[in-house]
Amino acid sequence: MSATVPLLPAGFRFGMSTSAFQIEGATDVDGRGPSIWDTFTARAGTVRHGENATVAVDHYHRYAEDVTHVADCGVHDYRFSFAWPRVLPDATTVNPAGLDFYDRLVDRLLAAGVRPVPTLYHWDLPQVLEDAGGWLSRDTAYALADYATVLVERLGDRIRDWITMNEMSVHALYGYALTEHAPGRGLGLAALPAAHHQLLAHGLAVQVLREHSAAAVGVANQHFPVLPASDDVADQMAAALFADLTNWCYSDPILRGEYPNPLIRDGIGTPDAVLDRDLAVIGTPLDFYGVNYYEPTMIESPRAGKDYRGVLEVDIPDGLPFSPVPVPDVARTDFGWAIAPGGLTDILRTLHERYPGMPPVVVTENGASFHDPGPDPTGRIADDRRIAFLDAHLRAVGDAVAAGVDVRGYYVWSAMDNFEWAAGYDERFGLVHVDRTTLERTRKDSWYWLRDVIAAQPAGARS
Ligand code: IFM
């Protein structure tokens, strides 16, 4: 880490991100209905140590204190998500108490001078919708549009910036193609309709939000460089296919109005005429494009060394022709993820080049899990490695800006330690430490570091 703080252009917006299921708890309080993650976590063997999020970090009851930790740091924006099963427990009937909670949260943020930037959907589908087919069903996309209507009608007078969906790729891949996340379907490529229906939901939600005069609408997609393990043609083609399935499958439809690969179109299985109409909806222009970045992925092909030229593009004869392998020679977080800040510059530049004229970018998530111990006897949590990580990634954003990419903001994942899905509570991404027994919050050194970074920035718009 250099002695100076990273400087970004005037008006650059700093933020912190969270999501409902990971922090709220109170899963059976005030009329909330069950979500796929409640069902999944109740199944043996799905989450490390058998943990669940029935309490999580109890943000539902401690939101006022949490807003103070966000606001005191000086961030401009706070990205959180609405819990669909809290707002519409049976997916059709509005739960007034659920809406009241978000009303209180939004008012609290605004009173503290922080702009609320909510995400409509961050993976916690009402179980009742999963029972009806989940994201494999087209109806779930229409249900999300109805849910967006409920939210914007209640909160649209105070919320300026909206994000439709979080990391559709991760949800489709880990929840529908594999079994690591809810709903744990394990369908392989037959999960592609779950990708398409989320994208359709995104497009429909953009239209709903616009009709209700939302000032700025975006999406939060996970993006990362995909590196072939070697220059063998099979590795190169496997990496390109993996990038199509994880990166471009989600940004091409939104920013170019098409899917990147005929394999994807075919796998979705929707008749061409309907698919083309859907793509027009999915491509509804956005005001900003959110990028969540953590690490690059390296891909190798089991066919490397053999001549499979041409085969990978047209069919997959014996299972998926790729497997992720560890990126060599890099430092790692305590979660085992590669620390590669240059990958953030690279992916921002790649997006900028791939989509000329794309909307301004906001890095809607970036952060690292380190297994920080609790406070020392003086109450301090010295998380130097997180500071170094964030410092390097902010500088990487600066490099992208210097290269001409229009990046307008950077949000740290996460405001506080929380429920890291299948990894439970061992993985700590927070700027604020949460004691697992008492749920007491303690600001880490990285929180103070971020406060100082923000205070040192050139003056810019704050509202
Ligand atoms: O915790 C998650 C978040 O829910 C989505 N993006 C990645 C984070 C870290 O894994």
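For region 6-25, taking the residues that are within 22 Å of the chain's Cα centre (by Cα) and assigned to a loop (DSSP other than H, G, I, E, B), the one that is farthest from the ligand (Cβ to nearest atom) is identified as F12.
Per-residue answers, yes or no, for (1) surrounded by 12 or more Cβ atoms within 10 Å (Cβ to Cβ); (2) part of a loop (DSSP other than H, G, I, E, B); (3) hydroxyl-bearing (S, T, Y):
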residue	(1), (2), (3)
P321	yes, yes, no
P324	yes, no, no
V330	yes, yes, no
D334	yes, yes, no
D346	yes, no, no
P356	no, yes, no
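Scan region 404-421 for residues that are more than 10 Å from the ligand (Cβ to nearest atom) and not basic (K, R) and the total you get is 11.
Condition check ((1) within 16 Å of the ligand (Cβ to nearest atom); (2) buried (at least 17 other Cβ atoms within 10 Å of the Cβ)) across all residues:
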| residue | (1), (2) |
| --- | --- |
| F370 | yes, yes |
| P375 | no, no |
| A382 | no, no |
| A392 | no, yes |
| G398 | no, yes |
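Taking region 196-229 as the range and being in contact with a helix residue (DSSP H, G or I) (Cβ under 6 Å, 6 or more places away or on another chain) and either surrounded by fewer than 21 Cβ atoms within 10 Å (Cβ to Cβ) or closer than 26 Å to A42 by Cβ (or both) as the test, the residues that pass are H197, Q198, A201, H212. Selection of region 219-237 for residues being more than 23 Å from I339 (Cα to Cα) and touching a Ser or Thr at 6+ places or on another chain (Cβ under 8 Å) yields V219, D232, A234, M237.
Among all residues of region 208-217, there is at least one that is under 16 Å from L286 (Cβ atoms), modelled with pLDDT of 95 or more, touching a Lys or Arg at 6+ places or on another chain (Cβ under 9 Å) and β-branched (V, I, T). Scanning region 438-463 for residues that are assigned to a loop (DSSP other than H, G, I, E, B) and at pLDDT 95 or above yields a total of 6. Given the condition more than 16 Å from the ligand (Cβ to nearest atom), in a loop (DSSP other than H, G, I, E, B) and within 30 Å of T270 (Cβ to Cβ), answer yes or no: does some residue in region 109-124 qualify? Scanning region 109-124, I find no residue that is more than 16 Å from the ligand (Cβ to nearest atom), in a loop (DSSP other than H, G, I, E, B) and within 30 Å of T270 (Cβ to Cβ), so the answer is no. Where strands (runs of 3 or more DSSP E) fall entirely within region 153-265, those with at least 1 residues that are over 27 Å from V106 (Cβ atoms) are at 226-228. Of all residue pairs spaced 6 or more apart or on separate chains, those with beta-carbon atoms under 8 Å, a first member in region 164-182 that is within 11 Å of the ligand (Cβ to nearest atom) and a second member that is charged (D, E, K, R) are Y174/E180. What number goes with the only condition from (1) crowded, with 24+ Cβ neighbours inside 10 Å; (2) closer than 23 Å to G290 by Cβ; (3) of a type outside the set (V, I, T) that P126 does not pass? Here P126 meets the rest and fails (2).
The requirement of being in a loop (DSSP other than H, G, I, E, B), over 30 Å from Q207 (Cβ atoms), modelled with pLDDT under 95 and more than 19 Å from the chain's Cα centre (by Cα) is fulfilled somewhere in region 286-302, by at least one residue.
Kindly evaluate T140 against the criterion of being away from the ligand (no atom under 16 Å from the Cβ), hydroxyl-bearing (S, T, Y), in a helix (DSSP H, G or I) and crowded, with 18+ Cβ neighbours inside 10 Å. Spell out how you get there, then give the answer.
Details: away from the ligand (no atom under 16 Å from the Cβ): yes; hydroxyl-bearing (S, T, Y): yes; in a helix (DSSP H, G or I): yes; crowded, with 18+ Cβ neighbours inside 10 Å: yes.
Against the criterion (away from the ligand (no atom under 16 Å from the Cβ), hydroxyl-bearing (S, T, Y), in a helix (DSSP H, G or I) and crowded, with 18+ Cβ neighbours inside 10 Å), T140 qualifies.
Being under 29 Å from D139 (Cα atoms) and without any contact (Cβ under 8 Å) to a residue 24 or more places away in the chain is the filter here, so list the residues in region 192-242 that pass it.
Quick first cut of region 192-242, residues under 29 Å from D139 (Cα atoms) only: 192-223, 241-242.
Answer for region 192-242, where residues must be under 29 Å from D139 (Cα atoms) and without any contact (Cβ under 8 Å) to a residue 24 or more places away in the chain: just E211.
Looking only at region 242-269, filter to residues that are touching an Asp or Glu at 6+ places or on another chain (Cβ under 8 Å) and hydrophobic (A, V, I, L, M, F, W, C); which one of those is modelled with the highest pLDDT? Taking the candidates together, the pick is I264.
Looking at region 55-63, can you tell me whether even one residue there is crowded, with 22+ Cβ neighbours inside 10 Å, among the hydrophobic types (A, V, I, L, M, F, W, C) and under 24 Å from L109 (Cα atoms)? Yes, region 55-63 has at least one match.
Kindly establish whether D30 is surrounded by fewer than 15 Cβ atoms within 10 Å (Cβ to Cβ) and part of a loop (DSSP other than H, G, I, E, B).
Considered against the rule, which asks whether it is surrounded by fewer than 15 Cβ atoms within 10 Å (Cβ to Cβ) and part of a loop (DSSP other than H, G, I, E, B), D30 comes out as yes.
Pairs linking a residue in region 364-376 that is free of Cβ contacts under 8 Å to residues at least 60 places away in the same chain and within 12 Å of K444 (Cβ to Cβ) to a residue that is more than 9 Å from the ligand (Cβ to nearest atom) and among the polar types (S, T, N, Q), with Cβ atoms under 7 Å and 6 or more positions apart or on different chains, are F370/T333.
Residues that are surrounded by fewer than 18 Cβ atoms within 10 Å (Cβ to Cβ) and not in a loop (DSSP other than H, G, I, E, B) within region 402-421 comprise A402, R408, listed in sequence order. Can you say whether R43 is basic (K, R), farther than 18 Å from L129 by Cα and within 19 Å of the chain's Cα centre (by Cα), as far as the supplied structure shows? So R43 does not fit the description; no. None of R354, R386 is away from the ligand (no atom under 16 Å from the Cβ) and touching a residue at least 24 places away in the same chain (Cβ under 8 Å) except R354.
The values are calculated or read from the model by the stated rules, or taken from the named source; none is laboratory data. Please read all numbers here as calculations on a predicted model, not as lab measurements. Positions of Cβ are backbone-derived with ideal geometry, glycine not excepted, and every protein chain shown enters the neighbour counts.
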